[in-house]
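Below: one structure, written as structure tokens.
The values are calculated or read from the model by the stated rules, or taken from the named source; none is laboratory data. Keep in mind that what you see is a predicted model, and the values were worked out from it rather than measured. Using ideal geometry, Cβ is built from the backbone for each residue, glycine included, and neighbour counts are taken over all protein chains shown.
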Amino acid sequence: MKKLVVFSRLADPLLQQLREYFDVAYFEQIDAGNHAAFVAAVRDAHGLLGVDLTIGRALLEPARKIEAIATISVGYDSYDVEYLTERGIALSNTPDVLTETTADAIFALLLAAARRVVELAELVRAGRWQKGSIGPAQFGVNVHGKNLGIIGMGRIGQAVARRGRLGFDMPIHYFNRSRVPVAEAELGASRASLEDVLAQSDFVCNTLPLTRDTEKIIGAREFALMKPGAIFVNGGRGATVDEAALIAALQNGTILAAGLDVYEKEPLPTDSPLLTMPNVVALPHVGSATQETRHAMARLAVDNIIAAFAGRPQNIINPAVFARHAAASQ
């Protein structure tokens, strides 16, 4: 029986399902107390399943039996895909099941930043809401009818665009490496350069994955192109944004506010200026964090790892691995 190391908490039925197919070494989480045991288990494993660990050469070089890894996430920037492909290790992810939930969270950040929901809720909680205490200095800005810019028109970007267009009558402008005809036909979305999207939009939502091409794609120059009253929302990856430039743009009034779910370093350092800015709504990377969606992601990851070892791979990030195996078996 193949050996599988699970390094994230799983519901008992999913864990039991895996044990029907694999000899499972189960770690609910990795910490200083069990890290050595985890590394030892990986060294003898054929597969891995989990999330929130950096997986690359340092961990896997001694693990010469590894054939497949299933991440319980759609993003895979914590995996050294080039090294995995070089080693012939298949990596699968969990697309689709988190799209709508993540889009909900991104739009919640947009609304919260625009209407100053967190700031004003704290005012009430602190007992500072008095008669006559709410005036223009506490007003937010409208969302309906405003221009919505989407940076990265993938599944999540399109779901955010649907919410903006169909729910709030927002004209949609988007930047993407290729056209998205369905968004143009159904939502009237207009594709433009990054510079034009930034300049035209009242709200800018970033949903880009982290790649060599997207790292710090939004920096001081890009914030300077945005409207002074613009609100920036990052629901993609933290490192696609130059965080120092974002902080400066917020401090200097280059942009009005930001809603953030991702950061260059996570967890966000306790001395980050973002934590003390009233014009920032900051969440702890919870875009997909609902009971239903996290269970669906885990279930799909379990299906992915079972399928990979059954020779019918699905949701594979580096399909060249299986193409190579198929060619070698002929």
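If you check Ala103 against the conditions, is it modelled with pLDDT of 95 or more, surrounded by 19 or more Cβ atoms within 10 Å (Cβ to Cβ) and closer than 29 Å to Leu208 by Cα? Let's see the steps before the verdict.
Working: modelled with pLDDT of 95 or more: yes; surrounded by 19 or more Cβ atoms within 10 Å (Cβ to Cβ): yes; closer than 29 Å to Leu208 by Cα: yes.
In short, yes.
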Considering residues of segment 279-306 that are touching a strand residue (DSSP E or B) at 6+ places or on another chain (Cβ under 9 Å) and in a loop (DSSP other than H, G, I, E, B) only, the residue surrounded by the most Cβ atoms within 10 Å (Cβ to Cβ): Leu283
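Among the candidates Ala121, Ala159, single out the residue that is within 22 Å of Val280 (Cα to Cα) and out of contact with any strand residue (DSSP E or B) (no Cβ under 7 Å at 6 or more places or on another chain). Show your work before the answer.
Details: Ala159 fails: within 22 Å of Val280 (Cα to Cα).
After applying the criteria, what remains is Ala121.
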One residue from Asp271, Asp242 being over 14 Å from the mean Cα position of the chain (by Cα) and loosely packed, with under 13 Cβ neighbours inside 10 Å: Asp271
Wholly within segment 190-265, strands (runs of 3 or more DSSP E) carrying at least 1 residues that are over 29 Å from Val81 (Cα atoms), small (Gly, Ala, Ser) and in contact (Cβ under 8 Å) with a residue 24 or more places away in the chain: 257-260
In segment 12-31, the residues that are free of Cβ contacts under 8 Å to residues at least 24 places away in the same chain, surrounded by 12 or more Cβ atoms within 10 Å (Cβ to Cβ) and assigned to a helix (DSSP H, G or I): Leu15, Arg19
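Rundown of residues vs (1) more than 22 Å from Ala114 (Cα to Cα); (2) of a type in the set (Lys, Arg); (3) out of contact with any Cys (no Cβ under 8 Å at 6 or more places or on another chain), yes/no style:
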{"position": "Asn206", "(1), (2), (3)": "no, no, yes"}
{"position": "Leu210", "(1), (2), (3)": "yes, no, yes"}
{"position": "Glu215", "(1), (2), (3)": "yes, no, yes"}
{"position": "Arg221", "(1), (2), (3)": "yes, yes, yes"}
{"position": "Leu225", "(1), (2), (3)": "no, no, yes"}
{"position": "Ala230", "(1), (2), (3)": "no, no, yes"}
{"position": "Val233", "(1), (2), (3)": "no, no, no"}
{"position": "Arg237", "(1), (2), (3)": "no, yes, yes"}
{"position": "Ala245", "(1), (2), (3)": "no, no, yes"}
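Can you report the number of residues in segment 129-165 which are polar (S, T, N, Q), in contact (Cβ under 8 Å) with a residue 12 or more places away in the chain and farther than 21 Å from Ala258 by Cβ?
Selection size over segment 129-165: 1.
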Residues of segment 159-189 classified as surrounded by fewer than 22 Cβ atoms within 10 Å (Cβ to Cβ) and assigned to a loop (DSSP other than H, G, I, E, B), total: 8
